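In what follows, a single structure is set out as structure tokens and then discussed.
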Amino acid sequence: MDGWLPSAPCTPRTCVDPAGAAAAAPRAVLRLTAITALLLTGIALAPLAGRLPARPVRWWCRWIVRAAGVRVRLRGAVAPTGGLLLVAHHVSWLDIPLLAAVRPARMLAKAEIRRWPVAGAVAARGALFIERDRLRALPGTVARIADALRGGRAVAVFPEGSTWCGRAHGPFRRAVFQAALDAGVPVQPVRVGYRTAAGAVSTAPAFVGEDTLPASLWRVISARGLVAEVEVLP
């Protein structure tokens, strides 16, 4: 593995709030069923993605988060049209639909996501993939991002290159910003965070370290009172 590969010190054992009680299982199963139904709908409609209005796509993404039992608070200005680089800190797989709820975009994703069940099939329809362990592939990835931006598309990226727990964050890698410079498009920062119903920072949605997607998914859908705060910044 190359030394440049982004990583974070966060791990499920040291940083992540535990899953809900076993009594939450029936509610969690209902939430999982709803998420699966929405994802299958997305796969079925994926061939029409380029022709669907942005509004229903944004609402579909919000419904995925709501189906997981997470309330969404979205504030700030409306993201502009045209080529746009959306950037945010990276905490959870929930960040992906939350950014798309701000503005539907092509997601820059790690190549491993293509192997995820169900979600990988959705991502493969429109995502741009980066091989994080191959430094020599980086210029080609930057060029593909720039091409999408020049074509008037929005591209969503997590410049940390790795997930953090939400109580701490990593530095932003510069390469993706070069794509915006090359294409001559603006950068739209978005702040994403997760809180409990009482307002405290929650790390339950974090997807970090050796965490598995099923474990992270179960932790989210079995939790109570999670709130996702999304702020579109200047």
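What to note about this one:
- Residue pairs meeting the criteria (Cβ under 6 Å; at least 6 apart or on separate chains; first more than 17 Å from Val185 (Cβ to Cβ), in the stretch 133-144; second modelled with pLDDT of 75 or more and surrounded by 13 or more Cβ atoms within 10 Å (Cβ to Cβ)): Leu138/Ala175
- Residue that is modelled with the lowest pLDDT, among those in the stretch 48-77 that are open to solvent by 80 Å² or more (accessible area, probe 1.4 Å), farther than 16 Å from Trp93 by Cα and assigned to a helix (DSSP H, G or I): Gly50
- Flag for Val142 being of a type in the set (Val, Ile, Thr), in contact with a helix residue (DSSP H, G or I) (Cβ under 8 Å, 6 or more places away or on another chain) and farther than 15 Å from Met107 by Cβ: yes
- Ala200 modelled with pLDDT of 90 or more and buried (at least 18 other Cβ atoms within 10 Å of the Cβ): no
- Hits in the stretch 78-102 (condition: under 12 Å from the mean Cα position of the chain (by Cα) and either assigned to a loop (DSSP other than H, G, I, E, B) or surrounded by fewer than 20 Cβ atoms within 10 Å (Cβ to Cβ) (or both)): Ala88, His89, His90, Val91, Ser92, Trp93, Leu94
- Unmet requirement for Arg224, which otherwise passes all of (1) assigned to a helix (DSSP H, G or I); (2) open to solvent by 20 Å² or more (accessible area, probe 1.4 Å); (3) under 22 Å from Ala34 (Cβ atoms): (1)
- Here Glu210 clears all of (1) in a strand (DSSP E or B); (2) closer than 15 Å to Cys15 by Cβ except the condition numbered (1).
- Hits in the stretch 162-187 - residues which are surrounded by 19 or more Cβ atoms within 10 Å (Cβ to Cβ), more than 15 Å from the chain's Cα centre (by Cα) and not aliphatic (A, V, I, L, M): Gly170
- Listed conditions (1) modelled with pLDDT under 90; (2) in contact with a Leu (Cβ under 9 Å, 6 or more places away or on another chain); (3) open to solvent by 30 Å² or more (accessible area, probe 1.4 Å); (4) aliphatic (A, V, I, L, M) are all met by Ala124, apart from (2).
The values are calculated or read from the model by the stated rules, or taken from the named source; none is laboratory data. Just so it is clear, the structure is predicted and the values come from calculations on it, not from any experiment. Cβ coordinates were reconstructed from backbone atoms using ideal geometry, including for glycine residues, and neighbour counts include every protein chain displayed. With ligands, DNA and RNA removed, areas are computed over all heavy atoms of the protein, side chains included. Shrake-Rupley method; radii C 1.70, N 1.55, O 1.52, S 1.80 Å.
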